[in-house]
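The values are calculated or read from the model by the stated rules, or taken from the named source; none is laboratory data. Note that the structure is a prediction, hence the values are computed from the model and not measured. Cβ coordinates were reconstructed from backbone atoms using ideal geometry, including for glycine residues, and neighbour counts include every protein chain displayed. All accessible areas refer to the heavy atoms of the entire protein, side chains included, with ligands and DNA or RNA removed. Shrake-Rupley method; radii C 1.70, N 1.55, O 1.52, S 1.80 Å.
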Amino acid sequence: MKITGTFLDEISYDIPHQNWGRREWRRDFLNMRSIGIDTVIMIRCGLKQWLTYPSEILMRRQNCYRPVADLVEMFLELSDELGMKFFFGTYDSWCHWHSDHPEKELELNLQVVEEAWLRYGHHKSFAGWYLSQEISRGRKSVATLYRELGRCCKEVSGGLPVLISPLIDGVKENRKQSVSLEDHQREWDEMFSLIRDGVDTVAFQDGHCEFHELSDYLAVNRQLAEKYGIECWSNCESFDRDMPIRFLPIKWEKMRFKLRAAEAAGVRKVITFEFSHFMSPNSVYGAAGNLYHRYCEEYGISTAMPEN
């Protein structure tokens, strides 16, 4: 399967910023489009005090800093221009839901969603929402957050779809022992039953379990999603969790293995976290450009710089 979607991560806590302006971002969007990426997902509109757009709500209530540029407007304009779909990522306080107070995270994000739709909903590329709170195990408190926030997203936008990207609680996540396939299936069966009214699409991250386990987990994910009428994608991580340094572009052989596992599992779409840092010829990492070339070779894609 080809990668047809990518996250955009400009409010990060564990990968370096590339300090791009509109010119650099437009070049990268052109490279994305040239390899078949039609969907971009802003992973979050804000994290702690840092924002992608000047949210009056978050600057007032969370003491967030006013950003020097409106990245959301820029991403949407580029998506409009190039015929791509844009998903808006919600706010992550990094405190309320981590301290088991998801009701505070929910109340804050309900206002953010309404504010964002009023500011940006007129863009033709505004295609959906991403709920930025990521979990690995079944947590009923977060299930309520997903369900109620997802419902709000769909209500204010006339039914645009809602996406989540949870983890598989594998050995690369908890550093001890992978969750058993049976426990994973049982816990996420319950989670899907709780969130199905608020979530339309799930794209499990594929980097936390061992490679020989991946196909089984992906198959279970698809079966569970289909059971509850949720569309199943796969989030093919393009950084390498096996390295002692966090985080570097993944070895091509590993990405190829994961893409084939996703195809065998029958998922509908593959997205990645994330093109611009770990897979782009424009990345600050030289190995990302090499990964781009290996990927293009596999699928017979020209690596000539795309025209306007």
Condition broken by residue 274, with the remaining ones in (1) open to solvent by 10 Å² or more (accessible area, probe 1.4 Å); (2) of a type outside the set (A, V, I, L, M); (3) touching a strand residue (DSSP E or B) at 6+ places or on another chain (Cβ under 6 Å); (4) touching a residue at least 60 places away in the same chain (Cβ under 8 Å) satisfied: (1)
Residue in the range 122-134 that is farther than 25 Å from residue 103 by Cβ, touching a helix residue (DSSP H, G or I) at 6+ places or on another chain (Cβ under 6 Å), open to solvent by 40 Å² or more (accessible area, probe 1.4 Å) and not hydrophobic (A, V, I, L, M, F, W, C) present: yes
Criterion violated by residue 59 - all others in (1) loosely packed, with under 14 Cβ neighbours inside 10 Å; (2) free of Cβ contacts under 8 Å to residues at least 12 places away in the same chain; (3) not hydroxyl-bearing (Ser, Thr, Tyr) satisfied: (1)
All positions within the range 176-193 that are touching a residue at least 12 places away in the same chain (Cβ under 8 Å) and assigned to a loop (DSSP other than H, G, I, E, B): 178, 179
Evaluation of residue 12 against (1) surrounded by fewer than 16 Cβ atoms within 10 Å (Cβ to Cβ); (2) in contact (Cβ under 8 Å) with a residue 40 or more places away in the chain; (3) of a type in the set (Ser, Thr, Tyr) (one fails), failing number: (2)
Condition met for residue 74 (surrounded by 16 or more Cβ atoms within 10 Å (Cβ to Cβ), without any contact (Cβ under 8 Å) to a residue 12 or more places away in the chain and assigned to a helix (DSSP H, G or I)): no
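Output the residue which, of all residues in the range 140-149 that are modelled with pLDDT under 85 and surrounded by fewer than 18 Cβ atoms within 10 Å (Cβ to Cβ), is nearest to residue 188 (Cα to Cα). Walk me through how you get there before you give the answer.
Applying the first criterion (modelled with pLDDT under 85) to the range 140-149 yields 140-142.
Those left that are additionally surrounded by fewer than 18 Cβ atoms within 10 Å (Cβ to Cβ): 140-141.
Details: 140: 11, 141: 14 Å.
Selected residue: 140.
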Answer residue from the range 205-227, given it is assigned to a loop (DSSP other than H, G, I, E, B) and over 24 Å from residue 39 (Cα atoms) and is modelled with the highest pLDDT among those: 210
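Which one of these is on the phi < 0 side of the Ramachandran plot and open to solvent by 10 Å² or more (accessible area, probe 1.4 Å): 245, 168? It would help to see each step written out before you state the result.
Numbers: 168 fails: open to solvent by 10 Å² or more (accessible area, probe 1.4 Å).
From the options 245, 168, the qualifying one is 245.
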Residue satisfying all of: in the range 174-211; among the aromatic types (Phe, Trp, Tyr) and surrounded by 15 or more Cβ atoms within 10 Å (Cβ to Cβ); nearest to residue 269 (Cα to Cα) among these: 204
Within the range 15-56, tally of residues that are touching a residue at least 40 places away in the same chain (Cβ under 8 Å), in a helix (DSSP H, G or I) and open to solvent by 20 Å² or more (accessible area, probe 1.4 Å): 7
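May I ask you to list the residues in the range 1-46 that are among the aliphatic types (A, V, I, L, M) and at pLDDT 95 or above?
So the first thing to find is which residues in the range 1-46 are among the aliphatic types (A, V, I, L, M), and the list is 1, 3, 8, 11, 15, 30, 32, 35, 37, 40-43.
Those that are among the aliphatic types (A, V, I, L, M) and at pLDDT 95 or above: 3, 8, 30, 32, 35, 37, 40, 41, 42, 43.
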Single residue of the range 77-101 satisfying the filter (closer than 21 Å to residue 133 by Cβ, open to solvent by less than 40 Å² (accessible area, probe 1.4 Å) and hydrophobic (A, V, I, L, M, F, W, C)) that is modelled with the lowest pLDDT: 97
Tally of residues being surrounded by fewer than 14 Cβ atoms within 10 Å (Cβ to Cβ) and either over 17 Å from residue 190 (Cβ atoms) or in contact with an Asp or Glu (Cβ under 6 Å, 6 or more places away or on another chain) (or both) across the range 212-227: 1
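State whether the residues of the range 272-288 include one that is in a strand (DSSP E or B) and either more than 16 Å from the chain's Cα centre (by Cα) or within 21 Å of residue 161 (Cβ to Cβ) (or both). I'd like the intermediate steps shown before the answer.
Step one: list which residues in the range 272-288 are in a strand (DSSP E or B), which gives 272-273.
From the residues that got through so far, the ones that are either more than 16 Å from the chain's Cα centre (by Cα) or within 21 Å of residue 161 (Cβ to Cβ) (or both) too are 272-273.
Yes; the residues of the range 272-288 include at least one that is in a strand (DSSP E or B) and either more than 16 Å from the chain's Cα centre (by Cα) or within 21 Å of residue 161 (Cβ to Cβ) (or both).
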